Amino acid sequence: MPQNDSLFQVLPERTPDDKRLANVRHLDQHFKFPVYPTREAWEARARDIRRHILVCCGLHPMPEKTPLKAQVFGRIDRDGYSIEKVHFESYPGFLCTGNLYRPSGKKTPFPGVLSPHGHWRKGRFGHEAAGSVPGRAISLARQGYVVFSHDMVGYNDSFQLKHGKLGDREKLWGLSLMGLQLWNSIRGVDFLLSLPEVDPERIGCTGASGGGTQTFMLTAVDDRVRVSAPVCMVSAHMQGGCICENAPGLRVDLMNTEIAAMAAPRPLLLVSASGDWTKHNPEEEYPGVRSVYKLYSAEDRVKNAHFDAGHNYNQDSREAVYTFFRQWLMGEKTLKRVKEQPFEVESDKDLLVFPGRQRPAGVASGAEVLDNLVEARRAQVSGWQRRDSRGPARLREQFQVAVEHTLNVSTPAPDDVQATMCGRREGPDFQVEKLLLGRKSAGDQLPALLFQPPGEVRVAPVVILIHPEGKSAWAESGSDSPGDLVQALLAKKMGVLTLDTFLTGEYQRRGGCTGRNLGGMAHWTTYNRTDAAERIQDVLTAVSFLKARPSTAAVHLVGWGRAGLLCLFARALTPNVGRAVIDAAQADMGSDEAWLADRFIPGLQWCGGVNAAVALSAPAPLMILNTGRAFDASPLAQIYEAAGAPGHLRVRVECVSAKSLANYLMSSQ
């Protein structure tokens with residue numbers, strides 16, 4: 001085998017051939033619908049999808065449903081229906097606005113329909129040949145439905161926030177435009193059900209384009225929606241181009257067609273068109289969704305209506321939805337097409353909730369809304385621990401799902417991990433294997449060094465060392481020899497595995513591919529893990545590699561510098577680490593600033609932050625060092641006390657010597 005000149009170098013002339021550098025997911029990628037052989041397999045996946053949507057949209061755990069304080073006023077009576085203006089508080093101080101269309105002269109109770117509008121230029125007032133939002137509401141009301149046509153955030157009367165992306169601080173706390181809109185839709189169903197004339201067993205939802213996205217997203221997470229009709233949106237070829245359709249992390253391993261299939265076995269109509277990204281529905285997306293319905297013997301409940309048109313919710317599409325709703329919400333047995341009758345649309349000014357764009361007294365501005373939501377979530381995270389301090393089980397249950405779906409990482413199966421030998425070296429006090437580690441399923445490639453004491457390899461603990469600059473940072477200063485910590489661990493007859501996690505160390509060789517090409521890519525965190533999350537994944541891959549080796553007695557973990565807190569999250573997600581030493585790098589862990597830049601992962605604070613990682617690590621031995629004087633360790637101590645292992649947590653204000661760390665990692669206490 002070739003030997004490389006430098007001890008700490010695995011690839012002498014190139015950067016790692018890591019497929020993650022090139023295989024970047026994006027919204028216009030063609031995704032294939034998976035095959036689910038059994039209903040049980042699908043339902044396991046469906047549970048995971050539902051949790052994933054809620055976590056990525058900042059809705060796990062589900063926020064408290066505070067009083068709506070709904071205001072309904074300004075009634076306009078027309079032939080067969082009425083229109084009213086509506087606003088209510090989906091969150092305290094955050095208004096959801098729209099119009100309520102009710103039937104007149106008909107017998108109650110009525111089915112209720114939520115009608116998200118999509119990206120028409122005039123929002124819920126959009127009225128043109130390609131689609132009329134008020135027209136479909138009028139027609140449905142005449143047919144006997146109560147319809148709530150509400151604004152997407154930033155449109156018309158919803159002017160507290162703009163229809164645009166939120167800042168990184170808000171993302172840390174699980175806030176996104178998509179999440180805010182999905183919550184508005186959930187509360188929109190609450191509003192419909194608060195009306196005495198609405199039948200709670202007959203709730204439908206329909207919208208086109210971005211309103212189609214809201215339709216299948218709401219249907220996926222809210223079982224109260226009994227019939228669903230997303231129009232011109234469900235596609236395996238384009239996932240939605242607006243920020244309101246792209247919550248961070250949502251489609252890392254997921255696509256819209258699977259989300260739409262979450263309606264099964266409830267009635268679902270997919271409306272598609274030859275002139276947009278849904279043009280393949282009849283031969284691709286619809287059969288994929290129908291395969292899920294077949295698992296329930298419910299193929300009669302899913303249909304595709306395909307039209308020769310551009311991107312639309314035109315009269316043909318509307319009539320297809322009317323007919324489908326008539327069958328499944330009205331119980332009409334005949335499948336005779338429901339024809340749309342002529343209608344007249346009110347002027348915008350007569351439908352506006354706030355004609356002068358004046359907020360009601362006491363209603364917050366957009367900046368105040370975001371500040372209030374962040375602070376409310378900060379208090380809620382703190383409150384979970386105080387409430388559950390008497391026992392770790394509830395805390396673990398609270399955090400486990402949130403952390404897993406926020407990070408989008410997992411411990412690979414042993415047969416998925418591969419190690420390629422690239423060389424061996426021997427020194428007076430060590431022997432080392434030069435390796436490339438990776439997952440077969442991902443095509444990643446991590447330069448790694450496995451140090452062992454000289455002589456025959458024996459069964460012994462192995463310590464993973466992670467540094468933000470890569471494995472060469474563990475060399476002795478100014479030389480090509482192992483540094484103090486590696487030497488101290490080898491002296492204790494322990495093995496040492498150190499590696500270049502994603503985009504560190506040998507990834508940064510001059511002239512090589514030193515990062516992912518994300519130039520011009522929209523919403524990339526919706527489809528891809530952040531660099532920080534990929535580094536957490538690499539630690540889990542290393543743990544899995546070591547755990548499968550017969551000569552590994554135990555796996556311990558040391559995370560140094562700015563890699564320390566990332567290693568804490570890796571430790572939280574695997575039971576296969578014995579002891580962990582985490583360098584806090586004197587970060588203010590209560591500050592959002594500590595999690596930006598190279599530690600940035602959307603949702604990390606909302607999923608519980610450091611407290612969640614510690615709660616999921618307890619009662620395993622854990623040392624957190626280099627905290628600095630301002631660090632408050634009492635919440636972490638409470639977690640370990642609740643786990644019945646207060647002595648297993650050690651917190652140090654400063655760093656400790658290599659010898660002390662080696663003694664700690666070798667200790668059985």
To the nearest 10 degrees, how steep is helix 177-193 against the longest Cα principal axis of the chain, on a 0 to 90 scale? 40
Between helix 210-221 and the chain: long-axis angle, C-alpha atoms, 0 to 90°, nearest 10: 70
List the lysines whose Cα sits under 30 Å from the Cα of residue 19, skipping any in the same chain fewer than 8 residues away. 32, 165, 171, 434, 440, 471, 547
Directionally averaged shadow of the chain, computed from the convex hull of its alpha-carbon atoms, nm²: 31.5
Specify whether the C-alpha gyration tensor of the range 212-328 places it in the rounded, prolate or oblate class, a ≥ b ≥ c being the square roots of the eigenvalues: rounded for a/c under 1.5, otherwise prolate if a/b is larger than b/c and oblate if not. rounded
Taking a ≥ b ≥ c as the square roots of the Cα gyration tensor eigenvalues, with a/c under 1.5 meaning rounded and otherwise prolate when a/b beats b/c, else oblate, which class fits the range 467-548? oblate
Order 351-362, 10-21 from most to least packed using the mean count of other Cβ atoms within 10 Å. 10-21, 351-362
At most 15 other Cβ within 10 Å, DSSP loop - GluC sites (Glu not before Pro), the range 256-306: 283
Express in nm, to one decimal, how much length is gained between residue 168 and residue 347 on full extension, taking 0.36 nm for each residue of separation and deducting their alpha carbon distance. 60.6 nm
Can you list residues whose amide H is under 5 Å from residue 481's amide H, if they're 5+ apart or on another chain and H is modeled 1.01 Å from N? 476
Between residue 372 and residue 553, what is the label-to-label distance in nm when each label sits 7 Å out along the Cα-to-Cβ direction? 5.9
How large are Rg and Dmax for the range 516-669 when only the alpha carbon atoms are used, in Å? 16.1, 52
If you add up the charges near residue 64, with Lys and Arg at +1 and Asp and Glu at -1, over every other residue whose beta carbon is less than 13 angstrom from its beta carbon, what do you get? +1
Once you order the gyration tensor axes a ≥ b ≥ c over the Cα atoms, which shape class does the range 297-372 get: rounded for a/c under 1.5, otherwise prolate or oblate by comparing a/b with b/c? prolate
Which ³J(HN,Hα) values, rounded to whole Hz and listed in residue order, are derived for the range 303-318 from phi using the Karplus coefficients 6.51, -1.76 and 1.60 in 6.51 cos²θ - 1.76 cosθ + 1.60 with θ = phi - 60°, glycine and proline given as x? 9, 10, 10, 10, 10, 7, 7, x, 4, 7, 9, 7, 4, 4, 5, 4
With θ set to phi - 60° and the Karplus curve 6.51 cos²θ - 1.76 cosθ + 1.60, what are the ³J(HN,Hα) couplings of the range 543-549 in order, to the nearest whole Hz, using x for Gly and Pro? 4, 5, 4, 5, 4, 7, 7
Lysines with Cα under 29 Å of residue 333, excluding same-chain neighbours fewer than 8 positions away: 106, 107, 294, 303
With runs of 4+ DSSP H residues as the only contributors, calculate the mean residue ellipticity of the chain at 222 nm using -39,500 (n - 2.57) per run, divided by the residue total and rounded to the nearest 500. -9000 deg cm²/dmol
Whole-Hz ³J(HN,Hα) from phi, Karplus 6.51 cos²θ - 1.76 cosθ + 1.60, for the range 507-513, glycine and proline x: 4, 9, 4, 4, x, x, 7
For the range 40-363, take every pair of Cα atoms, bin their distances at 10 Å starting from 0, and report each bin as a whole percent. 6, 29, 38, 23, 5, 0
Signed unit charges on C-beta, dipole axis of the chain, positive-most listed residue 10, 191, 554: 191
What residues have an amide H closer than 5 Å to that of residue 202, excluding those fewer than 5 places away on the same chain, when H is modeled at 1.01 Å from N in the peptide plane? 112
If you count, for each residue, the other Cβ atoms within 10 Å and average over each peptide, how do 426-438, 171-183, 365-377 line up from highest to lowest? 171-183, 426-438, 365-377
Expressed as a rounded percentage, what relative contact order does the chain have, with Cα pairs under 8 Å and six or more residues apart? 15
Taking H placed 1.01 Å from N in the peptide plane, check which residues at least 5 places from residue 81 or on another chain put their amide H under 5 Å from its amide H. 104
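Throughout, read-outs are computed from the coordinates displayed, never taken from laboratory work. Note that the structure is predicted; figures quoted are calculated from it, not measured. Please note: Cβ atoms are built from the backbone with ideal geometry, for glycine as well, and neighbour counts cover all protein chains shown.
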